[in-house]
Structure formats: C-alpha cells, structure tokens
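Report on one structure; see the data block that follows.
Bear in mind that the values in this text are calculations on the coordinates, not laboratory data. This one's a predicted model, so the numbers in the text were calculated from it and none came from an experiment. Glycine gets a Cβ as well: all are built from the backbone with ideal geometry, and neighbour counts include every protein chain shown.
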Amino acid sequence: MRGYWFVIIAVACGPSGKSSEIPKSNKPLTPQEIVKRSSLAIVRVEAQGPDGEQFGTGFIVDKSGIVATNFHVIAGTSDIKIKLNDGTHYPVLNVLNVDPMRDLVIVKFKPDRDMPTLRLGDSSKVSTGEKIVAIGNPLGVFENTVSEGLISSIREVCSTKDVSENNPSCPGELTLLQISAPISQGSSGGPLFNVVGEVVGVTTAIIAQGQLINFAMPANYLKPLLLKQEPITLEDFAKATKKDGGGGGGGKLDRAPYAKDGFAVAVYDGCKADQIADVVKSIEDAIEIGAPLYNRGDIEACYRIYEGVARKVEQSGACKGVRGVFGDVLLKVEPMADFKGKAWAMRDTFDGLLIAAKKWASNKPTKK
C-alpha cells in the first residue's frame, strides 16, 4: 500500500458530459425529497476479498458509469461489482484514481444507458452546525436508508502549513467533517448532502474506543481525482493495496510497560493545566482517527496520523517532558521497517501519556 499513500495521478482525461446531473435545488429540501431525487444515482459496492465479501455504498458522478466510494471498501480486491437501485449488477472494469490518505477511490463500470449523476457541491463552504443528510445501505442491504443530522465539527488533521513546511507525516492537506448523522457498516462511501441536494462529503463509519464516530471526507477532494484519471487494472490495484497482514509473522506484539502503567507524573512537571489538556486532546483525536484505520488494515495510514501528532507536539509543544517523550519515540521508530511496529510504539507512548495525565489530575490539590 505504501506506493498508494497519497496519489493524485495526472493525465489529461476528464469525465464525460453531465447532462444527466441532478441539479442543485433553488430551495431547501426535506430528507424525503433528497432521497427521491437522488436514489437512482446511489449504488451498492460489492467486493470479494481474501477474507470474504466487502461491501459499502457509492454514488455515480458521471453518466458513463463512474462511481465514487471509500478506498477501504475495495482495497485489496480485484472482483468488484456495482449494484444499481433496480437490482442490476455490473462488473467494475478498472480503478480510475485513488487517494488512500483521504479514503477515496473512483471506479468505472459500463452501463447500458446514461446514468443519473449527483452534483458535487463546494465543501469548503460547509460550516459547523449546518444541516446534512446521509444516504447509505446499512449492513449491505440495499435500502437507501436516510439519516439526518448536523456538521458537528470540522477537523484539520494536516494543515496547509504542515504541507508547506514539508512535515513528513502530512504529504497533503487533510480535513475531516465530523457529523451527527449515524453511519452504519455498509453505508461507508455514501453521499453526504447539504440542504439543496449537493454532495458535500463522502461518509465513513469508524469505531474508536468503543464508540461509533461518523465522519465524511469533504467532496472537494473528489474533484481532482475526476479531472485527472489514469486507469489501473483491478489486478494491479489489488496487489498494490493488499492489506497489511501485520508483518513480522503476525504474532501479538509485546507492549511497553508504560502503555499499561503510564509514564511517571513527573513527565508533566512545569506544565500548566491547559497545556496538559492540549496534549490529551491531541492524543485522543489521533487515536480516534488512527485506531479505526489500523483496525480495517490501513496500518501505514494509522501510523502517519500518530506520527503527525507526535512531531507537532515534539516541535512546538509547551511541555518539556512531553516533547522529550515524543522525541524519544520518534527516534525509536525511525529505523523500523514495519508500520505495525511503528504504530504500536506510538500508541504505547500515547497511552502512557494519557495515564500519566489522569494521575496528574488525581494528584492535583482541589481548591476549597
């Protein structure tokens, strides 16, 4: 997967005409209206992988049969089918472009007619608190189930500053939309609509620390993938994106002692309460995003998220002891060739710091 960590492939080959595009509404729509006008352009994606069937949701973005979905839905597979609203199945012919960092992929099938397509909105204009509607196929059942909610937060994981400063863990800008609309297994890759029926995101459901966290990738990340295409055969795609089986024999890793018992509270000596809170929030955000990536086989992606937080705190954090801890773990993982080992080394450090923060908080005198 390493070669596909961040791919925007450049050739002059854009999508075909958009005469079948469902237009933007000139007034706010109800969820029922959005489903009615969009359902024919929403598909089920079925992929047969080495561990059985993988499935998700996708949506048609070009009338010639171009579908957008989540990268993880089809990663490591070469037998992929698209199921339309009327139950018709079509084999996917090739992969047109991939962006694993943002969990996006576009694929091509050949329909026997022009297909209705969904309009991509400008996701940069989305704001916290905005109403949204998500449509998907929970548990792989073709239902076009609708859920409505809000944009809960907009999370900048890798900023343009990180990219301009050549932060090695940020090969590209990355922003995530956290949403309150529930996204179940099988609905990953579905469209996230604004109130006028434009797609502003691609949904994905992840599990973090036992809780379901719902995210969407901003739709603007799809646009360069559509404009610049280079078909990849399904066989080459499967080989290049084969999931990491764990490396090193796949045995259980021995975790560092501090992952269970925590670092000494002294690691936070000289830190103010708000500075410790910032460290804890940075770590919890990294785990919330990275752990689900690891669990679904995107080991390198998980490590890159962890590494980015570690480098940011090590370079600019206010707590000297914490900077030292992250500096040590970054040196430790540098010679490692196995991303599984790298990711766990980072996670051990995260857990050790979180436990130490709890100890610090419990030892702090309370004001009377």
> Ranked from highest to lowest mean number of other Cβ atoms within 10 Å per residue, what is the order of the peptides 172-182, 296-306, 145-155?
Replying inline: 296-306, 172-182, 145-155
>> Taking the beta-carbon count within 10 Å as an exposure proxy, list Val265, Val309 from fewest neighbours to most.
In response: Val265, Val309
>> To make sure I understand, if each residue's beta carbon is the centre and we count other beta carbons within 10 Å, what order do Ser123, Ser362, Ser25 fall in, fewest to most?
In response: Ser362, Ser25, Ser123
> If you bin the C-alpha pair distances of the range 248-363 every 5 Å from 0, what whole percents do you get?
Replying inline: 2, 12, 23, 25, 20, 10, 5, 2, 0
>> Students often forget the sequence filter, so: which lysines lie under 23 Å Cα-Cα from Lys36 once same-chain residues fewer than 8 apart are removed?
In response: Lys18, Lys24, Lys27, Lys63, Lys83, Lys131
> Which lysines does Lys364 reach when only Cα atoms under 22 Å apart count, and residues fewer than 8 places away in its own chain are ignored?
Replying inline: Lys260, Lys272, Lys281, Lys320
> How would you rank Leu353, Leu40, going from fewest to most other Cβ atoms within 10 Å of each one's own Cβ?
Replying inline: Leu40, Leu353
